[in-house]
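Notes for the one structure printed next.
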Amino acid sequence: MFEKILVPLDQSQIAECVLPHAAAFAKIYDADVQLLHVLERPSLSDRFHPIDPLAWQFYKSEAEAYLNKVADSLNQAGLNPNIVLLEGQPAQTIINYAISHDINLIMLSSHGQTGLSRWNVNSVVRKILQVLQVSSFLVRAYNPIATDMVDLHYHRLLVPLDGSQRSECVLPTAETFAQRHQASLLLGHVVVKPEMPRQTPLNQDDLDLIKNFVDRNLSAADNYFQRLLKRLTVDFIPRLLVRENIALSLHQLVEEEVIDLVMISAHGYSGYGKWPYGSLTSSFIEYGTTPLLIVQDLAQKDMSISPAEEAAKAIKGH
């Protein structure tokens with residue numbers, strides 16, 4: 001499934017928190033791992049200050065030596081990664097490379113050379129995730145897993161499901177990891193209490209309607225889990241919740257169950273190509289605290305580009 005894995009690095013130690021995860025994935029899928037570093041060109045504001053060719057060559061040699069050092073550490077873990085050194089603006093260069101080389105999993109640290117910040121992901125990572133619509137793996141640099149390159153094991157996996165086929169596209173990967181890591185697999189489903197806006201307290205008819213709605217969906221969810229039990233090749237722990245807010249309840253479940261890897265589809269029932277991710281997946285990108293695997297359920301041809309991207313292409317065309 002993940003035959004070509006791209007790991008962008010910026011020479012910072014905090015960005016390297018993704019490497020043990022890359023090794024874990026590469027071993028399972030016998031994947032081709034590519035370590036990419038982008039030498040950032042000066043911005044337009046610096047265009048009147050020419051680059052010293054000697055300094056640039058030193059900068060380039062330093063980056064290449066860094067990539068070789070990281071590659072050596074992965075070699076000791078039994079991998080044989082390729083190194084790629086490019087020049088350009090980081091986000092767009094990474095995106096272009098991934099598309100042109102048919103990358104099917106990009107593994108990103110939430111932060112890098114600019115350091116940790118109050119933002120859950122930095123600007124470069126956000127740009128990549130918004131435009132590069134392939135499966136992705138996000139590691140929280142402020143909450144890394146303490147392990148060396150060869151000893152990473154996941155213990156408790158969570159897969160949020162809404163009953164749609166789109167949300168189930170992550171299940172084959174979840175089964176594989178549960179088996180290989182002997183990890184507990186939790187499947188989470190939230191039955192939402194319907195909103196009934198009122199300026200006055202709900203009457204008994206309203207309460208009965210809510211109860212009937214919830215009971216019906218609980219029964220359907222229970223039947224859904226029973227069908228999954230017959231389909232899946234590994235045991236799983238069902239977590240069927242009744243809450244007002246899906247995202248909030250699943251984030252709480254991650255904390256309560258001490259989950260160390262969330263695996264989720266890019267879209268669910270509402271999935272279509274207008275946005276790169278559904279609302280739940282976007283919530284885990286922006287507010288999650290654990291490693292996050294996002295399996296892209298849509299083909300590139302089925303996705304729409306944003307108005308901003310259309311405008312940018314139009315400007316470049318003139």
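General observations
- Screening region 231-256 for residues that are open to solvent by 40 Å² or more (accessible area, probe 1.4 Å) and assigned to a helix (DSSP H, G or I) and picking the one that is farthest from LEU129 (Cα to Cα) gives ARG231.
- Selection status of ASN80, surrounded by fewer than 17 Cβ atoms within 10 Å (Cβ to Cβ) and part of a helix (DSSP H, G or I): no
- Cβ-Cβ under 8 Å pairs, at least 6 apart or on other chains, region 1-22 side charged (D, E, K, R), far side modelled with pLDDT under 90 and open to solvent by less than 10 Å² (accessible area, probe 1.4 Å): ASP10/GLY112
- Taking the criterion of being under 14 Å from PHE137 (Cβ atoms) and modelled with pLDDT under 90, the only residue of region 1-41 that qualifies is MET1.
- Scan of region 101-119 for residues that are modelled with pLDDT under 95 and not in a loop (DSSP other than H, G, I, E, B), ordered by number: SER109
- Residue satisfying all of: in region 142-159; in contact with a Leu (Cβ under 9 Å, 6 or more places away or on another chain) and open to solvent by 10 Å² or more (accessible area, probe 1.4 Å); farthest from TRP275 (Cα to Cα) among these: MET149
- Looking at ALA77, ALA55, just one residue is modelled with pLDDT under 90 and under 20 Å from VAL139 (Cα atoms), and that residue is ALA77.
- Within region 257-281, considering residues that are under 20 Å from ALA174 (Cα atoms) and assigned to a helix (DSSP H, G or I), the one least open to solvent (accessible area, probe 1.4 Å): THR281
- Complete set of residues in region 53-69 that are in contact with a His (Cβ under 9 Å, 6 or more places away or on another chain) and open to solvent by less than 80 Å² (accessible area, probe 1.4 Å): ALA63, TYR66, LEU67
- Candidate set from region 120-141 (those that are in a loop (DSSP other than H, G, I, E, B) and without any contact (Cβ under 8 Å) to a residue 40 or more places away in the chain); member that is surrounded by the fewest Cβ atoms within 10 Å (Cβ to Cβ): ASN122
- All of (1) in a helix (DSSP H, G or I); (2) open to solvent by less than 10 Å² (accessible area, probe 1.4 Å); (3) in contact with a helix residue (DSSP H, G or I) (Cβ under 8 Å, 6 or more places away or on another chain) hold for ALA98 with one exception: (3).
- Residue within region 190-209 that is within 22 Å of PRO291 (Cβ to Cβ) and within 22 Å of the chain's Cα centre (by Cα) present: yes
- Just one of the numbered conditions (1) assigned to a helix (DSSP H, G or I); (2) at pLDDT below 85; (3) open to solvent by less than 60 Å² (accessible area, probe 1.4 Å) is not true of LYS301: (3).
The values are calculated or read from the model by the stated rules, or taken from the named source; none is laboratory data. Source: prediction; values computed, not measured. Note that we place each Cβ from the backbone using ideal geometry, even for glycine, and neighbour counts take in every protein chain shown. Accessible surface is based on the protein model in full, side chains and every heavy atom, while ligands, DNA and RNA are left aside. Shrake-Rupley method; radii C 1.70, N 1.55, O 1.52, S 1.80 Å.
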